[in-house]
Amino acid sequence: DVAFRIFRRDGLFPVWQHIDGYTEEDIFDVIEFLFDHCSAGVIGDYHSWNDCGKHFEVFDRAGGQQRFRAELNDVLRDYSIGYELSENGEILELPDSGMAELVAAPIPNIDPENVTPKIEQAQALYRRRNSTLADRHNALRQLADVLEFLRPQAKEVLTKSDENDLFAIVNNFGIRHHRAHQKTDYDTAIFYSWLFYYYLASIHACMRLIERGRSTPSANNETE
């Protein structure tokens, strides 16, 4: 049984027989499992015996998963704090109010090897439905590392004072390093949420400025 090998527990399938006993974790696990194994029927024949229905021989996996996501997300976004099924089949918490466009914004193609994967991994780790505060701390650290990686290039497009202000917030909280002067006496859940969106917005701003600077070498590169 494929489901048992993945979950290492019984009592989940068939869904219609067990759904009344599902926990929230069970429901989310089953949704992700069904996404991984669903496809849309494309070519097949109708089998009339006992009103059996259509038997398909050719399937469209991507099309089936896209339809599955669309229908499930209509329900998930209204459940509890709000969730969505991602393109990769993971159930993620919806972004905070007003932040959806930032989270969905395309990542500028500055460094697809060193930057893009880290941003995507950090976002998935932070928004994962069962992420812990330790997971979110690690996600913030990845975003802070991206900003530090971009810093040499950012110096070319930011004034000295803007650069200092930006990286003061990155380094003055106990995310990347462990130093006596860093701020650690704060409500972790609230500040992690603020830092997540601040780091993400700062990365997008830096990358777009770097991208613009590359396309217009004569632009103002004031650093003093």
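Scanning residues 5 or more positions from residue 40 or on other chains, those with amide H under 5 Å from its amide H are 60, 61, 63, 64, 65, with H placed 1.01 Å from N in the peptide plane.
By the rule of a C-alpha distance below 16 Å, with chain neighbours fewer than 8 residues away ignored, the aspartates and glutamates paired with residue 54 are 45.
Between the amide H of residue 86 and those of 91, 92, distances stay under 5 Å, these residues lying 5 or more places away or on another chain, with hydrogens modeled in the peptide plane.
Computed extension gain for residue 208 through residue 113, at 0.36 nm per residue and net of the alpha carbon distance, reaches 32.5 nm. Partner aspartates and glutamates whose Cα lies under 17 Å from the Cα of residue 155, excluding those fewer than 8 positions away in the same chain, are identified as 111, 145, 163, 165, 211, 222, 224.
Taking the square roots of 5 times each eigenvalue of the Cα gyration tensor of region 1-54, largest first, gives ellipsoid semi-axes of 27, 14, 11 Å.
Taking the Cβ-Cβ separation of residue 80 and residue 16 as r and a Förster radius of 30 Å, what is the calculated FRET efficiency to the nearest 0.05? Efficiency at R0 = 30 Å is approximately 0.85. Per-residue surface analysis assigns residue 47 an accessible area of about 80 Å², computed on protein heavy atoms at 1.4 Å probe radius.
Stretched out straight at 0.36 nm per residue, the stretch from residue 124 to residue 7 would grow longer than its current Cα-Cα span by 40.0 nm.
For region 40-165, the spread of Cα coordinates along the three principal axes comes to 77, 32, 25 Å, biggest extent given first.
The values are calculated or read from the model by the stated rules, or taken from the named source; none is laboratory data. Bear in mind the structure is a predicted one, so any value in this text is a computation, not a measurement. Glycine also receives a Cβ, built like all others from the backbone with ideal geometry; neighbour counts cover every protein chain displayed. Surface areas here come from the heavy atoms of the whole protein model, side chains and all, with no ligands, DNA or RNA. Shrake-Rupley method; radii C 1.70, N 1.55, O 1.52, S 1.80 Å.
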